[in-house]
1. Is at least one residue of segment 206-228 modelled with pLDDT of 95 or more and polar (S, T, N, Q)?
2. Quick check on my filter: what residues within segment 193-226 are under 9 Å from LEU68 (Cβ atoms) and aliphatic (A, V, I, L, M)?
3. Tell me, which residue of segment 89-98 that is within 9 Å of the ligand (Cβ to nearest atom) and over 18 Å from GLY188 (Cβ atoms) is most open to solvent (accessible area, probe 1.4 Å)?
4. Given the options GLU297, GLU347, GLU330, name the one that is in contact (Cβ under 8 Å) with a residue 40 or more places away in the chain and surrounded by fewer than 20 Cβ atoms within 10 Å (Cβ to Cβ).
5. What are the residues in segment 57-116 that are among the acidic types (Asp, Glu), under 20 Å from PRO141 (Cβ atoms) and under 16 Å from the mean Cα position of the chain (by Cα), if any?
6. In the list VAL291, VAL328, VAL283, VAL263, which residue meets the criterion of being aliphatic (A, V, I, L, M) and assigned to a loop (DSSP other than H, G, I, E, B)?
7. Mind telling me which of the residues LEU184, LEU260 ends up being touching a residue at least 24 places away in the same chain (Cβ under 8 Å) and more than 23 Å from THR87 (Cα to Cα)?
8. Looking at segment 108-118, can you tell me whether even one residue there is in contact with a Lys or Arg (Cβ under 7 Å, 6 or more places away or on another chain) and open to solvent by 10 Å² or more (accessible area, probe 1.4 Å)?
Amino acid sequence: MPDDVPFVDLAAAHAEVDRQVRAGFDRVLAATAFVQGPDVAAFEREYARFTGVAHCVGAANGTDALELALRALGAGPGTEVVLPANTFVATAEAVARAGARPVLVDARPGDLLIDPALAAAAVGPDTAAVVPVHLYGRLAPVGPLAELGPPVLEDAAQSQGAVLDGRMVAGAIAATSFYPGKNLGAYGDAGAVVTDSAELAAAVRLLGDHGSERKYRHEVVGFNSRLDTLQAVVLRAKLSRLADWNERRAAAAARYHDLLADVPGLVPPPPAGPEHVWHLYVVQVPRRDEVATRLGELGVRTGVHYPVPVHLQPAFRHLGHGPGDFPVAEAAAARILSLPMFPQITEEQQHRVAGALRKILG
Ligand SMILES: *Cc1c(COP(=O)(O)O)cnc(C)c1O
């Protein structure tokens with residue numbers, strides 16, 4: 001259907017930055033500055049300022065950014081990293097790839113973020129880091145986690161622009177993803193690490209650039225994981241819109257809240273303060289797969305973030321978990337449904353979403 005309500009509308013976002021992006025691409029093409037061009041350093045400066053921290057280091061994608069940050073914190077063989085079971089697989093993947101053991105903990109009911117009491121119980125003498133995930137754009141309880149001892153690495157892939165006590169990074173370091181559908185999305189893969197620590201920033205930069213500070217001298221075995229110059233152009237253009245886009249997401253979330261109040265059986269996301277940047281608007285419904293299929297038939301595109309928690313993924317079978325180990329995450333996985341959410345969503349589109357849900361569940 002031509003007038004389907006899309007889950008995200010990347011074309012509508014592009015339309016707002018088209019001129020800036022094209023002018024930037026022309027500039028890069030003319031200079032052929034494809035790797036580590038001036039736009040990369042400029043974006044890193046601008047994103048650090050936007051985030052309220054001293055340092056930003058670009059990376060090839062968010063998963064690498066997490067792994068680079070973990071390695072900078074000393075996570076590796078013989079260490080453990082505490083993280084939620086209810087997250088995108090990349091959080092656990094980065095831990096495993098760094099050589100550390102993922103120690104999963106359940107979500108807390110309601111907001112489905114990492115439960116700080118369970119995280120406290122999971123911290124031990126070998127814990128190299130605790131990794132809260134600001135899932136759906138809602139800030140996880142970093143404060144209590146920071147008191148546990150090990151450094152906190154925030155997985156901020158879904159929370160660009162979310163501010164707590166005037167800062168975007170409350171832990172030692174945060175990693176983010178600029179995957180196209182994120183609140184700040186590139187036109188391909190990209191990511192970054194942000195921190196106030198000059199030492200951690202230098203370690204991440206060294207690891208991400210072949211372990212090298214000086215050309216052809218390699219201090220450690222590193223990666224090739226740098227932010228692409230063309231992606232930096234896109235990110236600079238979009239960064240200038242991000243605060244406005246996040247406000248529009250919040251307005252759309254408030255509208256959904258009103259529109260969905262009387263839909264039988266639907267549980268809306270719990271209320272949130274202005275720090276929530278609404279990367280996703282996730283409701284809970286009974287018979288979720290059937291509801292999603294019927295919404296699709298009515299022209300409403302949805303997603304599920306995520307249908308299978310990390311501990312039940314075949315890739316993490318070796319951790320020895322099974323069904324029942326993380327009951328909150330498992331119960332949520334069967335009921336969660338992400339509704340269309342993007343800054344340009346119209347009131348009319350949201351009415352169609354609510355109308356379709358009422359028709360199915362009413
Ligand atoms: C998107 C995402 C990542 C991974 O980012 P990529 O850029 O796709 O590698 C990690 N964690 C969370 C929570 C994400 O949503």
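The values are calculated or read from the model by the stated rules, or taken from the named source; none is laboratory data. Keep in mind that this is a model prediction, so the values were computed, not measured. No Cβ is skipped: glycine too gets one built from the backbone with ideal geometry, and neighbour counts run over all protein chains shown. To get the accessible areas, we keep the full protein, side chains included, count just its heavy atoms, and leave off ligands, DNA and RNA. Shrake-Rupley method; radii C 1.70, N 1.55, O 1.52, S 1.80 Å.
1. Yes; the residues of segment 206-228 include at least one that is modelled with pLDDT of 95 or more and polar (S, T, N, Q).
2. Across segment 193-226, the qualifying residues are VAL193, ALA203, VAL204, LEU207.
3. Checked segment 89-98; the qualifying residue most open to solvent (accessible area, probe 1.4 Å) is GLU93.
4. Working: GLU297 fails: in contact (Cβ under 8 Å) with a residue 40 or more places away in the chain; GLU330 fails: in contact (Cβ under 8 Å) with a residue 40 or more places away in the chain.
Result of the check over GLU297, GLU347, GLU330: GLU347.
5. ASP111
6. The unique qualifying residue is VAL263.
7. Values: LEU184 fails: more than 23 Å from THR87 (Cα to Cα).
Unique residue meeting the criteria: LEU260.
8. Yes: one or more hits.
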